[in-house]
Each structure stands twice: as C-alpha cells, then as structure tokens.
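The values are calculated or read from the model by the stated rules, or taken from the named source; none is laboratory data. In this text the structure is predicted, and so the values were computed from the model without any measurement. Glycine also receives a Cβ, built like all others from the backbone with ideal geometry; neighbour counts cover every protein chain displayed.
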Amino acid sequence: MTASRQWWHAPAKASARRLAARLVASLGLTSSPSVTVERTYLDTFDWRLFRRGDELVEEQPAGGERVLVLQSRDGEHAELRVPSTGRLRQPTELPVGLQRRLGPKLAPRTLLDVGHEKVEVWPLKLLDSDDKTVAYVDVERAPTALRVALRPVRGYEKDADRVVELLDSQADLVNGLDPMVAAVRANGREPGEIPEPPKLELRARDDGRAAMARVFDHLLVTMELNEEGVRQQLDPELLHDFRVAVRRTRSIERLARRYLPDDMARLWEGEWKWLAGVTGPPRDLDVLLLDLQLDRQSVTPAADAGVHELAARVRARREVEQARLCDALDSDRYGSLKRGWRSSINDLASAAKRGDTDGSGSGVRADKLARKTIASASKHLMKAARAIHDDAPAEAIHTARKRAKRLRYAAELLGGALPAEEVKAVVATTKRLQDDLGQFQDAEVQLNLIHGLLADTSLGGEPSPHAMAAGELITEDLVTRQQSARRDLIKALRRLAEQ
Amino acid sequence: MKIVATYSIKGGVGKTAAAVNLAYLAARDGEPALLWDLDPQGSATFLLRVRPKVKGGAKAIVRRRRSLDSSIKATDFPNFDLVPADLSYRHLDLALDRTKRPTEQLAALLEPLEDEYSYVFLDCAPSMSLVSESVFGAADVLLVPTIPTTLSVRTLEQLDDFLDGKTKTNAKTNAKATRAKNPTVLTFFSLADRRKRLHRDVMAALSARPDVLEASVPSATEVEQMGQHRAPVGVFAPSSRAARCYEDLWRAVRKAIE
C-alpha cells in the first residue's frame with residue numbers, strides 16, 4: 001500500500017515553466033527538461049478498471065518508449081509500468097505482468113480508448129540525502145489546464161505528506177480533478193457510467209398490453225443503446241447484448257402473439273428473423289475468437305502459431321461479416337423495422353391507456369398474461385425435452401435449446417408481473433439447462449466454423465500445416481466437450497421431462 | 001510468484017550484483033520484482049540508495065510485529081521494490097530460531113505478497129546458517145555465483161552435499177506436510193576471466209554439470225562501478241558487456257524457471 005496520487009490545479013493561463021521553477025525553489029525539488037507525453041486512457045466499455053479503482057494508461061513520450069502504466073487510484077497497489085509493443089486491445093494480449101495484476105475478470109472485454117490527452121510535463125523529484133527519489137512531482141501543461149501531480153513513492157509516505165502540505169500551502173494551487181476523469185469527460189462520457197435502458201417494472205394489476213409494450217420498449221431501447229458500439233465493433237459484449245435483445249423480442253412476440261394486435265406480429269415477424277440472421281454469424285465468430293484467445297494461453301509454442309493463424313482467419317471472416325452487419329444496420333429495412341416497431345409499441349400502450357375493450361389482449365391483466373405465457377413456453381419445452389433420447393439428433397437438441405431460451409426470456413421479462421418466488425425456480429432451471437445446451441450448441445457451431453475457415457482460401461490462402469494441426473487439436477477438444485455436454489444435457493432434459 | 005535466491009557460502013562472489021541486476025531486468029520487462037536484502041552488510045540496500053534502517057529490526061518482521069509489506073521501499077526503477085537490510089539482520093538467525101518452524105519462516109512471510117510480485121529475489125549473506133536453510137525452504141531457484149577457481153569448486157561441492165542431505169531429511173519428514181521447497185540449483189560463473197588459464201580449465205571442467213548455466217558474468221569494471229553509480233549496470237552502462245551478460249543470465253534463469 002502506498003499513498004494515493006493527488007492533483008492540484010493552477011490558474012490555466014499561468015506559466016508552467018515558472019510554476020515548475022517556483023516549486024523547485026520552494027520545495028527543494030530537482031528538475032529535468034520538459035517532455036511532451038501523449039496519454040491514452042484505456043478501459044472496457046463497462047468500466048471494469050475504473051470500477052475497481054484501477055487506471056490503465058498508455059503513455060508515449062516524445063522520442064521515448066511507449067509504456068502501459070497501471071495505477072491504483074487509491075494507492076492500494078504500486079504503479080506498474082510495462083513496455084508496450086503495440087496497440088494491444090485484448091486483455092489476453094497484454095504483457096504477462098499486467099495480465100496477472102488485472103486478473104482474469106477483464107478477459108472477455110476489449111480495452112477501449114476512453115480518453116486522450118497530450119501534455120507537456122516538467123518532471124520534478126524530491127530527493128533524500130542519498131539522492132534517492134522519495135516523491136515525484138510533475139507539472140503538467142494540458143490543453144485546458146495547468147496542474148501539479150504528486151506521485152508518492154512506496155515506503156516514503158511521510159515525504160509525500162510533506163509535499164502535500166507544501167503544495168496545499170501554495171495560494172494559487174487548488175485540489176483538482178483526476179486527469180483521467182477530465183480526459184474522459186472531454187470525450188463526452190462519464191467514467192463509470194454505462195448507458196442502460198430504464199429498469200423494467202411490471203405490476204400484476206397492469207393491463208397486459210401495457211406490460212407487453214413496456215417489455216418491447218425495454219428491449220428496443222437496449223438495442224438502440226448498443227447499436228453504435230456494434231457498428232464501431234467496440235466490444236463483443238455489445239453485439240451480444242444487441243442480439244439478445246433481438247432474440248428476446250422475437251421470443252416474447254412469438255409466445256404472447258395471441259395478446260398482440262394481429263398486424264403487429266404479422267408485419268414484423270419476418271423482419272426480426274432477418275435481423276437475428278444478420279447478427280448470428282458475427283456473434284459466432286466473436287465467441288470462437290474469444291475461445292481461441294483462451295486456447296492460446298494453454299498450448300505449446302508450436303501449436304500457438306497455428307492457433308494464431310486460425311485466429312487471423314477468424315478475424316478476416318469477422319471483418320466481412322461486420323461489413324454485412326453494418327450494411328444491415330445502415331439499411332432502410334432496419335430503419336423501417338425500428339420505426340414501425342416503435343409505432344406498434346406506442347399503439348399497444350395507447351390502446352391499454354385508453355382501455356380499449358376490443359382486439360387481442362384486451363381485458364387481460366399482466367399477471368394472467370405472464371402466467372399463461374410462461375405456462376405455454378414451459379409446455380413446449382417439456383414436449384421438446386421428452387423427445388430427447390440417447391441418440392437424439394443435434395436438431396432436436398437445438399429445438400430444446402430454443403424452447404428453454406424462450407421460457408427463460410418469458411420468465412425473466414414477463415415474470416416481473418408475478419411474485420418473485422413464482423418465477424425464481426423457472427429462471428434458475430432454464431439458466432442451468434441453457435448452460436449445458438449452450439456448450440453443446442457452441443461446440444457444434446464452432447466445429448462447422450473451423451472446418452469452413454480452414455477450407456476458405458479467400459481468407460489468406462491455403463492454411464499452413466501449423467494451422468491445420470491447430471484446427472485438428474481444437475476440433476478434437478470440441479468433440480470431447482460436445483460429447484460431455486451432450487451427456488450432461490440429456491440427463492438434465494430427462495430430469496426435466498420427469499417433473 | 002517465483003522466488004530466486006542468490007546464494008553462496010563464500011563472500012565476494014557477485015551475489016548482490018546478480019540479485020540487483022536480475023531484479024532490475026525482471027522489473028524492466030514489466031514483471032513486478034521485489035529484492036529482499038538479507039545480508040546485514042546491506043550492500044543491495046546501499047546500491048539502491050535506500051537507507052539501511054529497519055524499524056524494529058529484522059526481529060520485528062520475523063515476529064510479525066511489523067508486516068514485510070510495511071518494510072517495502074520502492075527503488076528509483078519502475079516495478080522494482082526492496083526490503084532493506086540493516087545491521088539488525090546479523091541477529092536474523094536468533095530471531096528465526098525462536099520461531100516454531102524456523103526454516104519455513106521466510107516462505108510464510110513472503111506468502112501475502114504472492115499476488116503482488118512476479119519475482120522475489122533473496123540476496124543472502126555468505127554463510128551456512130538457519131537463515132540459509134530458511135532461504136532454501138522458500139526459494140524456487142537457488143542461483144549460485146561461482147568464481148571459476150579451485151576453492152569455489154570446493155564450496156560448490158559443500159553446498160551440493162548440504163542440499164543432498166537436506167533433500168533426504170525432507171523426504172524422511174514428509175516435506176509435503178511443510179512449506180519447505182527443494183529449490184532448483186542453478187550455477188553461473190561470476191567474475192570470470194577467460195584470460196586466466198585456471199578460470200578456463202575450471203569452467204571447462206564444470207560445464208558438464210547440468211546445473212551450470214552457459215551464461216556467465218565477467219570480471220568487469222561496470223560491475224564494480226555499481227557502487228559509485230548506486231544503480232544496476234543496465235542503468236548507467238546499458239550497452240556494456242557486463243549489462244549484456246546479466247541480460248543473458250536473466251534469460252537463462254527465466255527459462256529455467258518457466
């Protein structure tokens with residue numbers, strides 16, 4: 001544990017050089033020539049570093065080596081400075097020392113540039129009688145601010161306290177904002193703030209149509225919040241969330257169709273299917289890429305070269321799919337779907353508000369609608385579960401998976417209108433089931449993808465023997481995992497069918 | 001966290017220089033490194049410009065009156081920290097002797113730092129004592145600098161005998177039930193002067209041993225100048241032969257550890 005870093009701000013128009021000279025004289029510091037430093041602050045889209053008190057910044061001093069600096073805002077951990085070899089954005093590609101400190105929790109996320117600044121730094125130091133540095137004091141000229149940063153040195157906290165006292169006593173210096181926070185704000189964002197849809201709240205006595213409108217609105221807002229991130233490919237999680245919102249919309253629309261106006265379901269069903277189809281391939285490639293990154297950490301150096309090549313082919317295909325996805329998101333078809341669906345949601349909410357007594361779903365309370373929808377989804381899942389036997393084809397398992405998902409979505413979304421204990425068990429069971437089913441299905445998808453990627457010469461020519469060997473290795477592993485998942489889920493589905 | 005101890009029964013063989021330079025190189029690569037100066041002379045402490053002052057003495061650390069964490073001082077080099085030594089370390093043997101399992105104490109004291117450092121370097125005093133045994137119990141690697149002379153070879157053999165005896169004792173007392181490790185011994189030639197026939201002969205004779213590393217550190221002015229500059233060789237003479245030799249040595253040690 002070391003003392004935490006602190007900042008003071010001087011009047012923005014003051015001279016940095018004069019301020020540095022004054023501090024050298026009044027605090028007894030030693031100085032070095034100023035240097036221009038470009039800083040890029042990094043974090044995940046959901047602020048995993050910021051939320052745990054860490055700050056990762058890539059520093060590029062003019063004429064110097066680029067370094068990644070991991071700092072602890074509260075001083076809990078010592079600063080870690082690691083030479084940076086390139087713009088690494090996958091946590092699994094970071095140097096080992098950083099990975100160890102950041103921990104595995106960061107792994108599925110991409111590191112994004114969340115803020116940037118270019119500053120001129122006058123580095124000053126407080127030395128003891130052995131010429132040992134006991135505190136670092138940097139005077140920094142940023143575009144809109146002049147600040148003094150104190151970086152305490154571990155084991156020399158008393159010296160840092162002395163510097164704090166002296167800086168506090170300077171009339172023109174006031175305690176200031178963390179430069180990272182300032183840089184992020186300048187970028188139009190707020191550290192720690194994740195754009196989220198409003199919380200979905202349903203009440204038992206609500207009109208069923210109003211409840212459905214709220215559910216659909218919640219899902220549409222979720223899609224819209226993730227849309228730009230999907231377009232810019234900021235993080236695989238954003239496409240995942242976007243896709244889940246699409247799938248949930250389709251599931252609820254299908255399960256509760258009889259409570260919706262006829263044209264609402266009829267008009268948009270095909271369009272939702274189209275959108276789900278567009279988001280599927282890039283998401284499958286994202287999952288494969290994440291798995292390959294994990295594979296690379298556990299294979300021999302020879303196999304690693306093959307996995308690396310395979311990952312490059314995945315990325316090449318992913319780029320193609322990204323272009324298709326962006327075309328879809330920029331298309332009139334997508335715009336019409338969003339506008340039309342929003343209009344249908346508004347009509348549904350208005351009908352409920354007016355208390356229209358004619359048409360589908362009129363006079364049905366939210367709790368009744370939820371209960372019936374969940375019961376119907378449950379019935380469908382049980383039927384699919386009963387069809388599963390030891391030799392069941394992959395298609396039957398896929399059907400069971402889709403039905404388990406539908407039931408889970410219904411319980412999670414419409415279940416808000418029911419007492420929590422009524423849906424808790426359904427959500428837990430379907431979640432467990434979906435994990436097993438998901439493992440089976442992911443392995444199935446990845447087996448097909450790997451075969452296709454190795455056969456596709458448009459993705460960088462013929463694959464090397466290393467890549468072929470890695471493909472075989474991964475295929476063997478996937479087959480083993482799939483067989484194991486199949487056994488687990490057949491057991492789970494049978495248990496369910498017996499209930 | 002891997003623990004590397006630079007150890008020799010003999011003094012003046014380059015233990016401290018190796019510990020300081022290797023810890024610096026590990027840290028420069030972005031691996032947080034801690035050097036624990038266990039030598040009451042405090043040479044590593046001096047070389048890193050830290051004052052030889054341990055609050056409460058070594059005894060306070062061994063008796064857990066002060067955590068090892070609170071004794072850590074950052075050096076002037078990124079990711080490189082030091083636990084300084086002072087003269088109180090001459091009583092470290094006594095302090096260890098008063099604990100229940102003296103040979104496991106250093107390992108136990110380092111355990112809380114597991115997540116913080118990639119490498120810990122123990123710079124040992126030249127002796128065969130309870131401190132040494134505690135070092136053997138904590139270290140993954142025992143890095144033994146050896147001057148290629150007849151007497152040094154004899155010292156190396158003495159260490160072999162001692163460690164063989166210790167391994168047998170551990171086997172008898174079921175070492176698994178304790179924290180005691182059986183460190184991997186790595187030997188490198190230190191202060192080697194290839195112009196001397198004796199050095200060449202000894203190096204040739206010992207190179208057949210599997211624990212002898214190819215990398216060696218020559219007798220070099222830059223290593224001696226560490227005392228003047230109070231910094232690792234890589235800081236003030238980065239392109240010198242000595243600096244390159246330490247880099248080779250670090251690569252070899254890291255490879256052996258991995």
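Could you list, in sequence order, all residues of the range A:1-54 that are assigned to a strand (DSSP E or B) and touching a helix residue (DSSP H, G or I) at 6+ places or on another chain (Cβ under 8 Å)?
Taking the range A:1-54 as the starting set, the residues that turn out to be assigned to a strand (DSSP E or B) are A:6-10, A:30-31, A:35-43, A:54.
Those that are assigned to a strand (DSSP E or B) and touching a helix residue (DSSP H, G or I) at 6+ places or on another chain (Cβ under 8 Å): A:GLN6, A:TRP7, A:TRP8, A:ALA10, A:THR30, A:SER31, A:ARG39, A:TYR41, A:LEU42, A:ASP43, A:ASP54.
Search the range B:230-258 for residues being hydrophobic (A, V, I, L, M, F, W, C), within 14 Å of another protein chain (Cβ to nearest Cβ) and touching a residue at least 60 places away in the same chain (Cβ under 8 Å), and hand back the single one that is nearest to B:PRO52 (Cα to Cα).
Looking only at the range B:230-258, we keep the residues that are hydrophobic (A, V, I, L, M, F, W, C), and these are B:231, B:233, B:235-237, B:242-243, B:245, B:249-250, B:252-253, B:256-257.
Now restrict to residues that are within 14 Å of another protein chain (Cβ to nearest Cβ): B:231, B:235-236, B:257.
Right, trim to touching a residue at least 60 places away in the same chain (Cβ under 8 Å) and you get B:231, B:235, B:257.
Values: B:ALA231: 16, B:VAL235: 22, B:ILE257: 31 Å.
By that ranking, first place goes to B:ALA231.
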Looking only at the range A:55-83, filter to residues that are outside any strand (DSSP E or B) and within 11 Å of chain B (Cβ to nearest Cβ); which one of those is surrounded by the most Cβ atoms within 10 Å (Cβ to Cβ)? A:ALA78
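Let's see how each residue does on (1) modelled with pLDDT under 95; (2) within 14 Å of another protein chain (Cβ to nearest Cβ); (3) over 17 Å from A:TRP8 (Cα atoms):
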residue	(1), (2), (3)
A:PRO108	yes, no, yes
A:LEU111	yes, no, yes
A:GLU120	no, no, no
A:SER129	yes, yes, yes
A:LEU166	yes, no, no
Looking at the range A:195-211, which of its residues are surrounded by 11 or more Cβ atoms within 10 Å (Cβ to Cβ) and assigned to a loop (DSSP other than H, G, I, E, B)? A:PRO195, A:PRO197, A:LEU200, A:GLU201, A:LEU202, A:ARG203, A:ALA204, A:ASP206
Of B:GLY57, B:GLY14, which residue is on the phi > 0 side of the Ramachandran plot, more than 14 Å from the chain's Cα centre (by Cα) and surrounded by 19 or more Cβ atoms within 10 Å (Cβ to Cβ)? B:GLY57
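Take the residues in the range A:131-145 that are away from chain B (no Cβ under 14 Å) and surrounded by fewer than 22 Cβ atoms within 10 Å (Cβ to Cβ), then tell me which one is farthest from A:LEU173 (Cα to Cα). Break it down into steps so the answer makes sense when it comes.
Of the residues in the range A:131-145, the ones away from chain B (no Cβ under 14 Å) are A:137-145.
Filter once more, keeping what is surrounded by fewer than 22 Cβ atoms within 10 Å (Cβ to Cβ): A:138, A:142-145.
Numbers: A:ASP138: 14, A:ALA142: 15, A:PRO143: 18, A:THR144: 15, A:ALA145: 12 Å.
Filtering first and then ranking leaves A:PRO143.
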Give me the residue from the range A:86-98 that is more than 10 Å from chain B (Cβ to nearest Cβ) and either assigned to a loop (DSSP other than H, G, I, E, B) or over 17 Å from A:LEU234 (Cα atoms) (or both) and, out of that set, farthest from the chain's Cα centre (by Cα). A:GLY86
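Kindly establish whether B:LEU110 is over 24 Å from A:GLU157 (Cβ atoms), away from chain A (no Cβ under 14 Å), in contact with a Leu (Cβ under 9 Å, 6 or more places away or on another chain) and not in a loop (DSSP other than H, G, I, E, B). Walk me through it before giving the result.
Working: over 24 Å from A:GLU157 (Cβ atoms): no; away from chain A (no Cβ under 14 Å): yes; in contact with a Leu (Cβ under 9 Å, 6 or more places away or on another chain): yes; not in a loop (DSSP other than H, G, I, E, B): yes.
So B:LEU110 does not fit the description; no.
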Somewhere in the range A:422-432, is a residue assigned to a helix (DSSP H, G or I) and over 30 Å from A:GLU201 (Cα atoms)? no
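At least 3 residues that are at pLDDT 90 or above and within 14 Å of chain A (Cβ to nearest Cβ) in each: list the helices (runs of 4 or more DSSP H) lying fully within the range B:1-73 that qualify.
Numbers: elements: B:15-28, B:43-47, B:57-62.
Where helices (runs of 4 or more DSSP H) fall fully within the range B:1-73 and carry at least 3 residues being at pLDDT 90 or above and within 14 Å of chain A (Cβ to nearest Cβ), they are B:15-28, B:43-47.
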Would it be correct to say that B:ASP97 is surrounded by fewer than 20 Cβ atoms within 10 Å (Cβ to Cβ) and either in contact with a helix residue (DSSP H, G or I) (Cβ under 6 Å, 6 or more places away or on another chain) or closer than 17 Å to B:PHE136 by Cα (or both)? yes
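Pull up the range A:219-258, narrow it to residues that are assigned to a helix (DSSP H, G or I) and among the small types (Gly, Ala, Ser), then point me to the one that is nearest to A:ALA410 (Cα to Cα). Spell out the reasoning first.
Start the filter on the range A:219-258 by keeping residues that are assigned to a helix (DSSP H, G or I), which leaves A:219-232, A:236-255, A:257-258.
Checking the rest, the ones that are also among the small types (Gly, Ala, Ser) come to A:229, A:245, A:251.
Values: A:GLY229: 27, A:ALA245: 13, A:SER251: 8 Å.
If we take residues in the range A:219-258 being assigned to a helix (DSSP H, G or I) and among the small types (Gly, Ala, Ser), then A:SER251 is nearest to A:ALA410 (Cα to Cα).
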The condition from (1) within 14 Å of chain A (Cβ to nearest Cβ); (2) on the phi > 0 side of the Ramachandran plot; (3) surrounded by fewer than 23 Cβ atoms within 10 Å (Cβ to Cβ) that B:ASP115 misses is numbered (2)
Here are the criteria: (1) in contact with a Ser or Thr (Cβ under 9 Å, 6 or more places away or on another chain); (2) of a type outside the set (A, V, I, L, M, F, W, C); (3) closer than 21 Å to A:ASP356 by Cβ. Tell me which single one A:GLU271 does not satisfy. (3)
